[in-house]
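Presented below is the structure to which this report refers.
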Amino acid sequence: MTAVAVVGMGVALPGASTPDELWDLLRSGRSVLSAADADPAGLAGLHDPDPAVADRSYNRVYGPLSDLRPHPRLRAETDVGDAPPGLTTYWLRHCLLQALDTTTVADRDRCAFAIGYGVSGSINAEQAFLVEAVAQGVGAYDADAGQIPDLVRRALAGTYPFAGPEPHVFLPHEVGRRAAAGLLPPQTEIVTIDTACSASLYAVQAAISALSTGTADVVFCGGACNVTPSEYVMLSQVGLVSANDQLRSFDVAGTGSLWSEGAAVVALKTLDRAVADGDEVLGVIAGLGTSSDGRGREVLAPDSRGQALAIRRSLESAGVAAGSVDWILAHAIGVPAGDAVEFAALREAADSATDCLVTVNKPQFGHTSWASGLLSLVHVLLALRNETVPAQRRFTRTPESYRQEATRLRIPVTDAPWPRTADRPRIAGVNSFGFGGTNVHAVVTDTPRVGGFARRSGTGEIAVVGWGAHLPGAPTATEVLDQLRRAEWHVPPGFGESYPLPDPVQLRMPPIAARNLDRTQLMLIQSMLQLAGEHGEVWAPFTDTTGVFVGHHGVPGAFGPVVLRINRDLIAGALAGVTDATAAPAVDRFLKSLQALAADPDETVGGLLPNFIASRATKRFDLRGMAMVVDQGIDSALGAVHLAMRALHTRELDMALVGGVNGNSGPELRAILGAPFRSPAVDLAEGAFTLALARPDTAAEHGLPILARLRAGQDPHDGPATVRCGPSAGRSYLGGDGALAILSAVATGGTVRVEPYDPAIQPAGILVRV
Amino acid sequence: MDKADVLAELRTIYAEALEYPKEVLTPDAHLEAELGIDSLKQTELLNRVTEHFGMERVPDDGVETLDRIATAVLASARRTGSK
């Protein structure tokens, strides 16, 4: 067993630029939400107090991060104009620098940086996308567009000040790279993970997999997000936003959540290494458990069974009885229905005979979505150091329906002492639950005597036991392989304006709901259905331990029209500044097209954000392992394969459905992507690909034929053939390219090295043996 | 009106609102877990059912299948009839 130690931490939250300031905030009882008079994100522009008004938010209270005092080195970089562009990138770098201050990194160390992050949580990405969508949209109404996109960009600059001249630098994989540039070794594996609000604690899952398989020596986990006006509106439209200026978790007076901006980074290494390096151990991760809700509730509704499963798995992984847990730092974002579900999960997972403290920091911090799990982990580390569990604020009593009196769960309203003792470990649990039912729970303690993770080899082979593809024209698996062998496509690059809805019976979803989902969510399920058709439901023996890992890069196609519609009045106001007579007719026609966009009554945020691509599949196939979307640029699906292989090696999973998908081929996406896609020689193509992976012994035991074997890394002596991930035969499937590269290797046969498109990406490749 | 009649009318209401083929809407299919009907939609549909049968509002709890809704509708009809 190996103990995993936290040796560094950094935070950025309104009013707290360091961990010490975060502790002061917790002790003070202040809320970052109460002082939200400043509105840098511009929420006021989309506010209407009437909840019935479409495309507006009925609240405008949030926690803007506008008072950050950057780490001295970042301050110096800022002074000479060397700081990275983009707010979340800047905050991550600030946090990473703080974590590095106490973390020894040796020259030979293999480092990783796993970041919980979503493209829709960046105000820079959102505004850059909006500006390009409008520039391309107006340009499309003029035959010789010429000057028009530039005129439009200039006119929008005042309304969307966070857009910046180079949109691609705000995409998730670039955010991680730029946050770490010059701070971590060039060979660092950088990966962004999106499971919605649980994403940054899922980064800790990735870290533990990497450390326990010996894939990395030091892992930095991060999470960051902005509050973006469009997303605030989407959350408001489904009634999740508080009705007032308070967020009250588990409280009878709670009405909804309020979002905040923030970031956090922690540094993890094995305890042996921490001790050898002389690093102070801030806490020990004794266990970690993940789960998906699977079938049961709809995608936006949390499920206590799934949450309790993650808690139980975490306790099992730590070898800790529920009764030994002193304190659970819950997720509870303040939405009454969701808080009640979480309390039910705690009731189910907790010990019925021993007192356990339960608190939530969101009444003070606000809900920092992608960053929230790590901010909670830092909160626990600070409580260990200061020997105090801070009180829960803005709390009076739980609703009667919780039946709290029948439990031993106690919500302290004054700070509770938590003294270090020689004979008894102090143990806390951290909940982090994401939209779509992506759950994770970590057990944190002050001593390596509790828990730990089995060391497993990360270099063994993993079997491909099935695959499926979903492409326009519905080619069979044989036809897909044939086209891959010839490296020429006979299927159209895209599905066109309107995606053909799958059979509702197969989908298990009413057409009125399906039509409001971004096509990627449906496409991935279709590729899994093809897999099932060709190879059977290979996951059937292990639905509880099957995970879903999806490579996706860019912005979902359905996101654009909705964000444009929400912003149309602001856009119209800004474009009134385009006085150029030749541009006026195109501007006019574009604005008319925006006015014609109407919200479908069944549209929800669950159809729009990329993280739902993976969780939607867990619902359809009733899978209860972890589910995540991975963005590593064009190499996203390869990143997904690496994370999946490690989760199989550690035996956290018995099967992984690993895919890649792209469903957006629009010009507005092309305009924000990096260099390879500016060339018209590369078509953006739409498709979804899924590989079913298992350990070879599991495959043999269940009689699953092994179609190919995968192994991480590459050895130059490992055979001559190579396939490079990325655009081929004139097309790129973006997030799907990595899965396609592996399928190409399978189609080629023999032994083939699949190399990442980006030579800087680590790990450097995957060996495919047929 | 017997239960089969009520079920037939419920299937029509649900099929039209959701655009599901009628044969999917079996009496015992779990509306949320198996048919992907979210709670907002279910509330809206129960309102429609209430209006259609001119009855008191069916409670949102315990009606996770069409069969159970039909039972609730018949119980409501009996209560109204006995007044």
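Bear in mind that the values in this text are calculations on the coordinates, not laboratory data. Only a predicted model underlies this, so the values are computations on that prediction, with no experimental measurement involved. Cβ: placed from backbone, ideal geometry, glycine included. Neighbour counts: every protein chain shown.
Remark: region A:627-744 projects, on average over all directions, an area of 8.5 nm² (convex hull of Cα atoms). A simple spin-label model places the labels of A:Ala106 and B:Ala8 8.0 nm from each other, with each point 7 Å out along Cα-to-Cβ. Its alpha carbons give region A:676-760 an Rg and a Dmax of 14.8, 49 Å. For region A:410-462, the average shadow cast by the Cα convex hull is 7.1 nm², which is a quarter of the hull's surface. Legend: mean number of C-beta atoms from other chains within 10 angstrom of residue C-beta atoms, peptide A:511-517, equals 3. Taking max minus min of the alpha-carbon positions on each principal axis, region A:1-104 gives extents of 54, 39, 31 Å, largest first. The trypsin sites (Lys or Arg not before Pro) of region A:25-126 meeting both criteria, a DSSP state outside H, G, I, E and B (loop) and at most 12 other C-beta atoms within 10 angstrom of the site's C-beta, are A:Arg108. Its DSSP H runs of at least 4 residues, each contributing -39,500 (n - 2.57), put the calculated 222 nm mean residue ellipticity of chain A at -10000 deg cm²/dmol, to the nearest 500.
Separation of the alpha carbons by more than 29 angstrom is noted, of A:Lys619/B:Lys3; A:Lys269/A:Lys619; B:Lys3/B:Lys41, for A:Lys619/B:Lys3; A:Lys269/A:Lys619.
Diagonalising the gyration tensor over the Cα atoms of region A:176-228 and scaling each eigenvalue by 5 before taking the square root yields semi-axes of 20, 16, 7 Å, largest first. Normalised by the residues of region A:634-770, what does the relative contact order come to in percent, with Cα pairs under 8 Å and at least six apart? Reported relative contact order: 31 percent.
Treating the beta-carbon of each Lys and Arg as +1 and of each Asp and Glu as -1, no other charges, what is the dipole magnitude of region A:35-159 about its Cα centre, to the nearest 20 debye? Don't jump to the answer; show the numbers that get you there.
Details: 10 positive and 17 negative charges, 80 e Å.
For this selection, approximately 380 debye.
Sparsely packed loop sites in region A:320-420 (the trypsin sites (Lys or Arg not before Pro) outside DSSP H, G, I, E and B with at most 13 other Cβ atoms within 10 Å) comprise A:Arg397, A:Arg403, A:Arg420.
In region A:201-341, a dipole from Cβ-located charges (positive for Lys and Arg, negative for Asp and Glu) runs towards its positive end, and of A:Ser291, A:Ser212, A:Val320 it is A:Ser291 whose Cα lies farthest in that direction. Each residue of region A:392-398 was assigned a 3J(HN,Hα) from its phi angle through the Karplus expression (A = 6.51, B = -1.76, C = 1.60, θ = phi - 60°), giving 7, 9, 6, 10, 10, 7, 7 Hz with x at Gly and Pro. Taken one residue at a time, the phi angles of region A:148-157 give Karplus couplings (6.51, -1.76, 1.60, θ = phi - 60°) of 4, x, 5, 4, 5, 4, 5, 5, 8, 4 Hz. Gly and Pro are set to x. Each principal axis of the Cα cloud of region A:291-448 was evaluated for its coordinate range; sorted largest first, these ranges are 47, 33, 33 Å. The H on the amide N of A:Trp259, modeled in the peptide plane, is under 5 Å from the matching H of A:Gly63, A:His367, each at least 5 residues off or on a different chain. Cα convex hull, region A:407-550: 247 Å³ per residue, rounded to a whole number.
Taking every Cα-Cα distance in chain A and sorting them into 10 Å bins starting at zero, the pair-distance distribution P(r) comes out as 3, 15, 26, 28, 19, 8, 1, 0, 0 percent. Scanning residues 5 or more positions from A:Thr388 or on other chains, those with amide H under 5 Å from its amide H are A:Trp418, with H placed 1.01 Å from N in the peptide plane.
Taking the three principal axes of the alpha carbon atoms in chain B, the coordinate ranges are 37, 23, 19 Å, sorted in descending order. Computed from backbone phi, the HN-Hα couplings of region A:502-517 come to x, 4, x, 6, 5, 7, 6, 8, x, x, 5, 7, 4, 5, 9, 9 Hz, rounded to whole numbers (Karplus: 6.51 cos²θ - 1.76 cosθ + 1.60, θ = phi - 60°; Gly and Pro given as x).
Restriction of the trypsin sites (Lys or Arg not before Pro) in region B:32-66 to DSSP coil positions whose beta-carbon has at most 12 other beta-carbons within 10 angstrom yields B:Arg57. Between the alpha-carbon centres of region A:97-149 and region A:156-205 there is a gap of 6 Å.
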